[in-house]
C-alpha cells in the first residue's frame, strides 16, 4: 500500500502544477476624451511591470484586457473572483474593483476618470500600485503587481453641514463678580444701633414698670421674649455665615415655636387679668 502511494506522488504533483492560473495577452491602453490613444502597453503578468507609471488625466480613459488560462494551456478559464487592487503606499488607502470575466476567460476593464468609480481610493502625489487578484475553487490563487498608475489628486471632500459642531470650541473664560465690599465701620455701627434700638427701648420701658407686676417674670412671657431674641440672632447668623435656604428652614421652625409661645403668653396675660378683676 505504501509503495502504491509513493508511485502516485508524481501524478499528484503533476495535477497540482497543472492547476496554476496564467494571464495571457494582457494589454492596457490610455486614450483621451476625443478617442486618441495616448499610451499602449503590453503587460507581462507575473513578470516585471512597466518601468514608468501609467498616467491618467482628468478626462482620460484606461482600458485593459487579458485572458485567463491554465498555465501551459490555451483554454480559457473563468475564475471564481477577479479583482484589481489600487493601493497607495503613502497613505495606506486601497480600493478593490471587480473585473468581469466571461466563460472563455476573457476579461475587460475600463476606468474613466471623468466618472471614476466610488471604490477608487483617494489619490495624492504618489502613484497607485495596481495588482491583479484571481481566486478559484480548483486553481491556486494569483496575486501579482501589474503596473503603477498615477491619477489627478482627489478633491477634498465637501464639508458636512454639521462638521463645525464637532470641532473643539474656544475655552470658556468664566468672569466672576468681584467680592462685595463691606461698608465703612461707621455705617455698620449706625445700622447696628438701629437694629438694637428696639431692644434697648424694650428694656428701658421694662425698667420703668413697677416691680409689683409679677406676671412679667412668668415663664410664658420670658420664653416668648427669648424666642424673639432668637429670631434676631438668626438674622445675625444669616449675615455672618448662613445661606438663604438655611435661614428659611430655620426661620420656619423658629417662627412656628415663637407663634405658639406668643399665644401662650397672651393667654397667660388674659388669665392674670381675669383673676385680678375678681379680687
Per the filter on region 164-187, residues at pLDDT 80 or above and surrounded by 10 or more Cβ atoms within 10 Å (Cβ to Cβ) are 187
Residue 102 vs (1) within 39 Å of the chain's Cα centre (by Cα); (2) modelled with pLDDT of 90 or more: all pass except (1)
Next on the checklist: With the structure loaded, tell me whether residue 36 is free of Cβ contacts under 8 Å to residues at least 24 places away in the same chain and under 28 Å from residue 152 (Cβ atoms) or whether it fails that test.
Outcome noted: yes
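Among the candidates 134, 120, which residue alone is in contact with a strand residue (DSSP E or B) (Cβ under 8 Å, 6 or more places away or on another chain) and under 30 Å from residue 75 (Cα atoms)?
None of the other options fit; the residue is 134.
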| Do the conditions hold for residue 48, that is, is it without any contact (Cβ under 8 Å) to a residue 60 or more places away in the chain, assigned by TED's automatic domain parsing to the domain that holds residue 112, touching a helix residue (DSSP H, G or I) at 6+ places or on another chain (Cβ under 9 Å) and closer than 17 Å to residue 144 by Cα? | no
Quick count over region 188-206, residues being modelled with pLDDT of 85 or more and exposed (fewer than 10 other Cβ atoms within 10 Å of the Cβ), is 1
Among strands (runs of 3 or more DSSP E) entirely inside region 15-80, those with 2 or more residues being surrounded by 16 or more Cβ atoms within 10 Å (Cβ to Cβ) are 21-31, 61-70
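Among the candidates 125, 148, which residue alone is under 21 Å from residue 58 (Cα atoms), exposed (fewer than 10 other Cβ atoms within 10 Å of the Cβ) and either modelled with pLDDT of 90 or more or assigned by TED's automatic domain parsing to the domain that holds residue 46 (or both)?
Values: 148 fails: exposed (fewer than 10 other Cβ atoms within 10 Å of the Cβ).
When all the criteria are applied, what remains is 125.
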Kindly evaluate residue 157 against the criterion of being assigned to a helix (DSSP H, G or I), within 51 Å of the chain's Cα centre (by Cα) and within 30 Å of residue 118 (Cα to Cα). no
- [ ] Please indicate, with yes or no, whether at least one residue in region 159-166 is in contact (Cβ under 8 Å) with a residue 60 or more places away in the chain and either more than 21 Å from residue 28 (Cα to Cα) or out of contact with any helix residue (DSSP H, G or I) (no Cβ under 8 Å at 6 or more places or on another chain) (or both).
- [x] no
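The values are calculated or read from the model by the stated rules, or taken from the named source; none is laboratory data. Because the structure is predicted, anything quoted here is derived from the model rather than measured. Positions of Cβ are generated from backbone atoms using ideal geometry, with glycine treated the same way; all protein chains shown enter the neighbour counts.
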